[in-house]
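What follows draws every value from the coordinates through simple rules; no lab data is involved. Note that the coordinates shown come from a computational prediction; the quantities given were computed from them, not determined experimentally. Quick reminder, even Gly has a Cβ in these numbers, built from the backbone with ideal geometry, and neighbours come from all protein chains shown.
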Amino acid sequence: MLIIGYLIGSIPSGVWVGKLMYGKDIRDYGSGNMGTTNTFRVLGKKAGTIVLLMDMFKGTLAALLPYFFHSNVNVLLIGLSAIIGHVYPIFAGFKGGKAVATSVGVLLVYDPLFFVIAWAIFLITLYISSMVSVASMVGFLLITIVSLFFKDLLLSGVAIALTIFVFIRHYGNIERIKNGTENMVPFGLGYKHRLKKED
């Protein structure tokens, strides 16, 4: 299950969508990352949304494997293998995304209520900031705080570890956010504010 979960996570959604729908390898544009943020930036809202949902589904499908195999293995453990696969995909030279969407997809199976809360936090933060990087970092930080109220040590431990990892993976984004040069998705309050400033 760990191997299958890793292989599912390794599916390069951004690369597939870019090549099949637009004839572009997403890794040749923008930040060179194949994740949701760069897809939104390079290919637009439609492609970005598709990649976001595909990357989430990878986590969900992997987390369902214990049910498919009638196993009592913790779904969070198998879900983590998909997250690792997403970040270090064997099908894309071990250079993948930043673990956010796939992690949220795992939560859908592990705890549906927590998934709804996490998804709401991410979308609200994304709409306010218009930056997937900000939504990812702030979202994970808030999700970790919320997890403490669920009194689930495993969930909180994984949330803390992933939050640290997400901040590390977004180091370059943090510098661009400070400098006011971070790319935005083409919607939301932050995007509208930037357009007004440019006018």
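A few comments on the model shown:
- Checking each residue in the stretch 173-193 for being in a loop (DSSP other than H, G, I, E, B) and of a type in the set (D, E) picks out only E182.
- Criterion violated by H70 - all others in (1) in contact (Cβ under 8 Å) with a residue 60 or more places away in the chain; (2) out of contact with any Gly (no Cβ under 6 Å at 6 or more places or on another chain); (3) over 21 Å from A159 (Cα atoms) satisfied: (1)
- Residues being farther than 22 Å from I83 by Cβ and either without any contact (Cβ under 8 Å) to a residue 12 or more places away in the chain or not in a helix (DSSP H, G or I) (or both) - total across the stretch 1-28: 6
- Enumeration of residues in the stretch 132-172 that are without any contact (Cβ under 8 Å) to a residue 60 or more places away in the chain and outside any helix (DSSP H, G or I): K151, D152
- Residues that are of a type in the set (G, A, S) and under 18 Å from G172 (Cα atoms) were ranked within the stretch 1-52; the one that is surrounded by the most Cβ atoms within 10 Å (Cβ to Cβ) is G35.
- Looking across the stretch 72-100, the residues that are in a loop (DSSP other than H, G, I, E, B) and either crowded, with 19+ Cβ neighbours inside 10 Å or touching a helix residue (DSSP H, G or I) at 6+ places or on another chain (Cβ under 8 Å) (or both) come down to N72, V73, N74, P89, K95, G96, G97, K98, A99.
- Only one of the listed residues (T60, T39) is over 21 Å from F114 (Cα atoms) and either in contact (Cβ under 8 Å) with a residue 12 or more places away in the chain or touching a Leu at 6+ places or on another chain (Cβ under 9 Å) (or both). That residue is T39.
- Candidates are the residues of the stretch 29-64 that are among the hydroxyl-bearing types (S, T, Y) and assigned to a helix (DSSP H, G or I); the one that is farthest from F94 (Cα to Cα) is T49.
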